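Structure, as structure tokens:
Please treat every number below as a calculation from the coordinates, not as lab data. Here the structure is a predicted model, which is why all the values come from computation and not from measurement. Using ideal geometry, Cβ is built from the backbone for each residue, glycine included, and neighbour counts are taken over all protein chains shown.
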Amino acid sequence: MSASRPHVAVIGGGLAGIAAALECADLGARVTLLERRGRLGGLTWSFQHGGRWVDNGQHVFLRCCDEYQWFLGRIGAAGDVQLQDRLDIPVVSPAPAPGGRPRVARLRRPAVRVPAPLHLAGSLIRYRHLGVRDRLALGLAVAPLRRLRLDDPSLDGETFAAWLARHGQSPAAVSALWDLITVPTVNLGASEASLAVAAKVFQTGLLGDPAAADIGWSRVPLGRLHGDNAAAALARSGVEVRLAARVERVEPSGAGFSVLGPTLSVDADAVVVAVPHDDAGGVLPPGAVPGQDRLGELGSSAVVDVHLVYDRPVMTWPLMAGVGTPLQWVFDRTASSGMEPGPGRPQYLAVSFSAADHLLGRRPEELAGWVAAELPRLLPVAGEARLVDSLVTKERRATFRAVPGTARLRRGPRTSWPGLTLAGAWTDTGWPATMEGAVRSGRAAAHACLAGAALPLQHTEEVA
Ligand SMILES: Cc1cc2nc3c(=O)[nH]c(=O)nc-3n(C[C@H](O)[C@H](O)[C@H](O)COP(=O)(O)OP(=O)(O)OC[C@H]3O[C@@H](n4cnc5c(N)ncnc54)[C@H](O)[C@@H]3O)c2cc1C
């Protein structure tokens, strides 16, 4: 330990841990980042298959994800993502009769600035996946949803679907509209999702700033976007990164802490624990946070992606959503996988399933065959194209399970030891488990740990 520069150990090299490490370094601390895997990036990673880069699952962000975009800038990756000029989601349902055309509705905000929520009024009036009565009834929910107070604890006492039903929304409206947003953002359908988390998503993304829901995605593999860029940024900031460094526990020691693992022992003035909720309880010293042995009750919800490569382009949009079909969202991953896109050239689609626990038990080849058989009902050209490759990725513990009653299990950054703080997308960020929540938690934990340890600091932000 240096007398002049505090030493912070950050445990976990996901987005929360990386953000915490960079923030601590920017605040003038000496930082050691300990990650049990052989790479950085946590739940966002990539691998090679058939000469292409495959992500473990499609990741998107919204324009309202301020801190995530700060993070991209901080690691020098802002140019590696694409953000829509304005929200535009083609929503496709299968043809009502055999031989007919799929039906497409666009959820799009207008080019001229219209205040929220009127910016979506035009799209919703024309939203052909809902009957006229359901479209007219949307207003019964939109206004009260805007007015909900997110700091009201009773919001975490019921499901979003129960609240929607009380506000005039039919099961058809939940399935064809509300779940289109709830399922990918909360990673649960409205019938399970806590009203508290769903209300946060809708208020922040769709009912506040009209530009908030413009969708962004990576132009490069996730492993490069986060892992490689972060490794370079951490090195530039002088952060020591130790991979394959599993931490077993943190013990208070003198005025600081000992961070201990099978192959490591690190002394630090302050510690940020940025590991998943089911690991955090065991790493923290006993009694660090109330209910520490119950963090596992946050549970998990899966994401499954079916990756399909066709011999020709079958989808003209960068992304689309499905209704009236089990397929949820489809993304064109051709360029980001390293393939050359273009007419007559192969196209790589990732078909993404959130809230996908029910798919975990199905064999990859069965899932790929099922999706390949269903896709032509939405994209008829896929029925004429040849499928040249397929692959399935399953992330069992993609997010915690944001059902009613989980808010009390999500802890803020502070523990009962000043200088020892918590980060991670599962912590009490107000957001569902997202990249935005992870970055927010990491930065908050960095400030809280250095303030808690009352260490002398000097701000030294490095510009990437
Ligand atoms: C398939 C999929 C799709 C997703 N889609 C989206 C999306 O579209 N948009 C979005 O915003 N979010 C999405 N998410 C969620 C988002 O990826 C996560 O919320 C976020 O990456 C979590 O970051 P984290 O740092 O909190 O946790 P993690 O990424 O889990 O990082 C924790 C790190 O701690 C390490 N660790 C654990 N235990 C120890 C230990 N004992 N010692 C040392 N290290 C340890 C782990 O190896 C890991 O690297 C998706 C997630 C998945 C899996």
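Hey, got a sec? Which trypsin sites (Lys or Arg not before Pro) in the range 136-231 land in a DSSP loop and have at most 11 other Cβ atoms within 10 Å? Could you put the intermediate results ahead of the total?
Numbers: sites: Arg146, Arg147, Arg149, Arg166, Lys200, Arg219, Arg224; in loops: Arg149, Arg219.
Hits after loop and neighbour filter: Arg149.
Placing pseudo-labels 7 Å out from each Cα toward the beta carbon at Thr325 and Arg147 gives an inter-label distance of 3.9 nm. Extension gain, Ala244-His49: 0.36 nm per intervening residue step, less the Cα-Cα distance, totals 67.8 nm.
Rounded to the nearest 500, what is the 222 nm mean residue ellipticity of the chain from helices alone, with -39500 (n - 2.57) per DSSP H run of 4+ residues and division by all residues?
On the way: 12 runs with 116 residues, N = 464.
One gets -7000 deg cm²/dmol as the mean residue ellipticity at 222 nm.
State to the nearest 20 debye the size of the charge dipole of the chain about its Cα centre, where the only charges are +1 on K and R beta carbons and -1 on D and E beta carbons. Could you put the intermediate results ahead of the total?
Values: 48 positive and 43 negative charges, 222 e Å.
The calculated dipole for the chain is roughly 1060 debye.
In the chain, what % of DSSP beta bridges are antiparallel (nearest 5)?
Details: 51 of 68 bridges.
Just about 75 percent of them are antiparallel.
Extension gain for Ile125 to Asp267 (0.36 nm times residue separation, less C-alpha to C-alpha distance): 45.0 nm. Let me spell out the model: positive unit charges on the Cβ of Lys and Arg, negative unit charges on the Cβ of Asp and Glu, origin at the Cα centre of the range 110-213. What dipole size does that give, in debye rounded to 20? It comes to approximately 500 debye. Ordering Ala233, Ala245, Gly361 by Cα displacement along the dipole of the range 233-384 toward the positive end leaves Ala233 in first place; charges were set at the Cβ atoms of Lys, Arg (+1) and Asp, Glu (-1). With the convex hull drawn around the C-alpha atoms of the range 71-204, the volume per residue stands at 158 Å³.
In a simple Cβ point-charge model (Lys, Arg +1; Asp, Glu -1; nothing else charged), the range 167-296 has a dipole of about 240 debye relative to its Cα centre. When Rg and the Kirkwood radius Rh are both evaluated on Cα atoms of the chain, their ratio Rg/Rh stands at 0.98. By the scheme Lys and Arg +1, Asp and Glu -1, what is the net charge of all other residues having a beta-carbon under 14 Å from that of Pro171? Value of the local net charge: 0. Selection among Leu43, Pro153, Val330 by position relative to the dipole of the chain gives Val330 as farthest towards the positive end (Cβ unit charges, Cα centre). Each of Val186, Ile125, Pro144 was placed along the dipole of the range 110-213 (beta-carbon charges, centred on the mean Cα), and the one lying farthest toward the positive end is Ile125.
Provide the FRET efficiency to the nearest 0.05 for the Asp311-Asp88 pair, computing r from the beta carbons and using R0 = 30 Å.
Working: r = 27 Å, r/R0 = 0.91.
The calculated FRET efficiency here is 0.65.
The label point for Glu297 and the one for Ser4, both projected 7 Å from the Cα toward the Cβ, are 4.9 nm apart.
Between Trp45 and Asn56, Gly57, the built amide H atoms are under 5 Å apart, and every one of these is 5 or more places off in sequence or on another chain. Local charge for Ala425 was computed over the other residues whose Cβ lies under 15 Å away, with Lys and Arg +1 and Asp and Glu -1, and equals +1. Modelled label positions at Ala335 and His167, each set 7 Å beyond Cα in the direction of Cβ, lie 3.7 nm from each other.
Once you list every other residue whose beta carbon is under 15 Å from the beta carbon of Pro376, what net charge do they have if Lys and Arg are +1 and Asp and Glu are -1? Don't skip to the answer; put the middle values down first.
On the way: positive: Arg101, Arg103, Arg312, Arg377, Arg386; negative: Asp311, Glu374, Glu384.
Counting the neighbours of Pro376, the net charge comes to +2.
Couplings 3J(HN,Hα) of the range 155-172, computed from phi: 4, 8, x, 8, 7, 5, 5, 4, 5, 4, 4, 5, 10, x, 9, 7, x, 5 Hz, in residue order, whole Hz [Karplus 6.51 cos²θ - 1.76 cosθ + 1.60, θ = phi - 60°; x for Gly and Pro].
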